[in-house]
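Visitor: This is the structure, below, for whatever I ask next.
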Amino acid sequence: MLKKFVLDTCVVKDLLNYHKNKKPKNKNGVNIEKLYNYIKEMEFDEVSKCYLTIYTFYEVLKDFKSDFSNDVFEFYNLLCPQAVTSPEIRKEFDDYDLIKLHLKSRDKQEKVLSSLRNLIADKIAGFMTEIFMTMLNIFISLLSISLENDSTREKQIKTTLWDINTTIYNSLFDGVRINVEITKHSVVNFLNNEYKKFMKLVVLFLQELGNKPKVSYKNINKLLIKLNEALKNDDYKNKESKENYDMFQSFYEWFKTYYTEKYPQTTENEVKNIYKDLIIKLAKSVWTPFEKDVMNEYFYENIQKLFFRVLDPIQVKKKSRDATYGFGFNVNDIIDMYILRLCFKGKYLKEDLPVLTSDGEMRKRIDKFLPSSKILYEEFRSTKG
């Protein structure tokens, strides 16, 4: 007998569709009919039959439109689901509100959905803001290595960066909250567009800084204040920037000039290696590692791709897309891995929770970071579709 496991959103929706029409569906190697029969026959332990993340609860519940209470009853009756949560999440959302939701008033049901939507928007917006700010902090830290310590100016920059953090978070929260009502794809598109807007402003920031007689904390802070105002006012659409401006190439060239002037005997290969070490050091100083290595590995790997491909002559020649406007991170991956983080062994779980999905891309991440899930794919393997 398999232990209880986590069902991803796509699997839950496939199960509910099969429950309605009984048409067999085999998708990305998962036999939905076999899984359905297994869950129907599964012994109920008076708590649940399976686990679902808060994200999946919302994605399923928001689709129940015409007969909400009846659809929720069918959903609960089939899966007897239990929320995967944490003390941090419970500070913002009481998962007991999900119990017997079909028996509660429509007003209460709407409040539960709204609370879920706010929670998801908060978590995704906060997580993405952290990534955006990490990138900006790396840029500022790199520019600052040529400057002498100035605690007053550095404090001013930290205050301005915190203001930018708040501006970005507020913008992302509102946008994610709106788009999460539609689809995950809408959220991904929104976040990608926001990143492009943000990076375009950073390009303008660097161009303006390049026109100054010298890099200084004062100049950096002044331009950061302008960047923040532009973000607040959405003042970026009419601004022009050189389409071929690659900020990562520019950062390396700036560092190479600075370092070879300071240490004339240094070879270019030595400069490259020193630059690599510095970028990773800066990244780790501003990105606090999680207990589980899923986002650590993903984040540092992508930072290296963004900053270091300019050091590869082949990649420089190819340049299939401008690094300035490419995110460098797959937003869909980030959302998926944020969801998976709830299932990892750690402070709140004694062991990893296996996850079953019919999403091919998410399966790759599950295979890598939650190998205990392998038994599920062996058990519910399909030879079709």
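Visitor: Where does each of 68, 190 land when they are ordered by accessible area, with a 1.4 Å probe and the largest first? Intermediate values should be presented prior to the final figure.
Guide: On the way: 68 10, 190 35 Å².
Ranking 68, 190 by accessible area, largest first, yields 190, 68.
Visitor: Using a 10 Å cut-off on Cβ atoms, rank the peptides 334-341, 38-45 from the highest mean neighbour count down.
Guide: In descending order of packing, they fall as 334-341, 38-45.
Visitor: Charges on Cβ only, +1 for Lys and Arg, -1 for Asp and Glu, centred on the Cα centroid of the chain; of 191, 340, 160, which one is farthest towards the dipole's positive end?
Guide: Positive-most Cα among the choices belongs to 191.
Visitor: Let me ask another. With r as the distance between the Cβ atoms of residue 225 and residue 297 and R0 = 35 Å, compute the FRET efficiency 1/(1 + (r/R0)^6) and round to 0.05.
Guide: 0.50
Visitor: Same structure, new question: Can you list the trypsin sites (Lys or Arg not before Pro) in the range 172-214 that are in a DSSP coil and have 14 or fewer other beta carbons within 10 angstrom?
Guide: Here the trypsin sites (Lys or Arg not before Pro) that fit, given the DSSP loop and packing criteria, are 214.
Visitor: Do the sum for the chain: with -39,500 (n - 2.57) for every DSSP H run of n ≥ 4, divided by all residues, what is the mean residue ellipticity at 222 nm, to the nearest 500 deg cm²/dmol?
Guide: -20500 deg cm²/dmol
Visitor: Next question. So for the pair residue 39, residue 70, with labels modelled 7 Å out along Cα→Cβ, what separation do we get in nm?
Guide: 2.1 nm
Visitor: How much net charge surrounds residue 334 when only the other residues with a Cβ under 11 Å from the Cβ of residue 334 are counted, with Lys and Arg +1 and Asp and Glu -1?
Guide: -1
Visitor: Can you tell me the orientation of helix 68-79 relative to the chain, as the angle in degrees between its alpha-carbon axis and the longest Cα principal axis, to the nearest 10?
Guide: The helix 68-79 is inclined about 80 degrees to the chain.
Visitor: Could I ask something else about it? So how do 162, 287, 254 rank on accessible area, 1.4 Å probe, biggest first, that is with the largest at the start?
Guide: 162, 254, 287
Visitor: With +1 assigned to the C-beta of every Lys and Arg and -1 to the C-beta of every Asp and Glu, and no other charges, what is the dipole magnitude of the range 1-150 about the Cα centre in debye, to the nearest 20?
Guide: The calculation lands at about 840 debye.
Visitor: Rounded to the nearest 10 Å², what accessible area does residue 212 have for a 1.4 Å probe in the complete protein model?
Guide: Counting only protein heavy atoms, the figure is 80 Å².
Visitor: How much accessible area does residue 107 have with a 1.4 Å probe, in Å² rounded to the nearest 10?
Guide: It works out to around 90 Å².
Visitor: Multiply the residue separation of residue 163 and residue 104 by 0.36 nm, subtract the distance between their alpha-carbon atoms, and state the gained length in nm to one decimal.
Guide: Working it through step by step, the gained length comes to 17.1 nm.
Visitor: Further question: Any of 158/232; 196/284; 226/305; 91/284; 23/62; 3/100 with alpha carbons more than 26 Å apart? Name them for me.
Guide: Over 26 Å Cα-Cα: 226/305; 91/284.
Visitor: If amide hydrogens are placed 1.01 Å from N in the peptide plane, which non-local residues have theirs closer than 5 Å to the one on residue 51?
Guide: HN-HN under 5 Å from residue 51: 5, 6, 7, 82.
Visitor: Taking the Cα centre of the chain as origin, work out the dipole magnitude from +1 charges on Lys and Arg Cβ and -1 charges on Asp and Glu Cβ, in debye rounded to 20.
Guide: 520 debye
Visitor: Starting from one equal scatterer on each C-alpha and no solvent at all, send me the Debye-based log10 I(q)/I(0) for the chain at q = 0.09, 0.14 Å⁻¹, two decimals.
Guide: -0.63, -1.21
Visitor: First compute the accessible area of the range 75-141 with a 1.4 Å probe, then give the percent of it belonging to carbon and sulfur atoms.
Guide: 48 percent
Visitor: How would the range 126-241 be classified by its alpha-carbon gyration tensor: rounded, prolate or oblate, with rounded meaning a/c under 1.5 and the a/b versus b/c comparison settling the rest?
Guide: In terms of gyration-tensor shape, prolate.
The values are calculated or read from the model by the stated rules, or taken from the named source; none is laboratory data. Please read all numbers here as calculations on a predicted model, not as lab measurements. When we count neighbours, we look across all protein chains shown, and the Cβ atoms used for this are built from the backbone with ideal geometry, even at glycine. When the accessible area is computed, the model is the full protein with side chains, heavy atoms only, and any ligands, DNA or RNA have been set aside. Shrake-Rupley method; radii C 1.70, N 1.55, O 1.52, S 1.80 Å.
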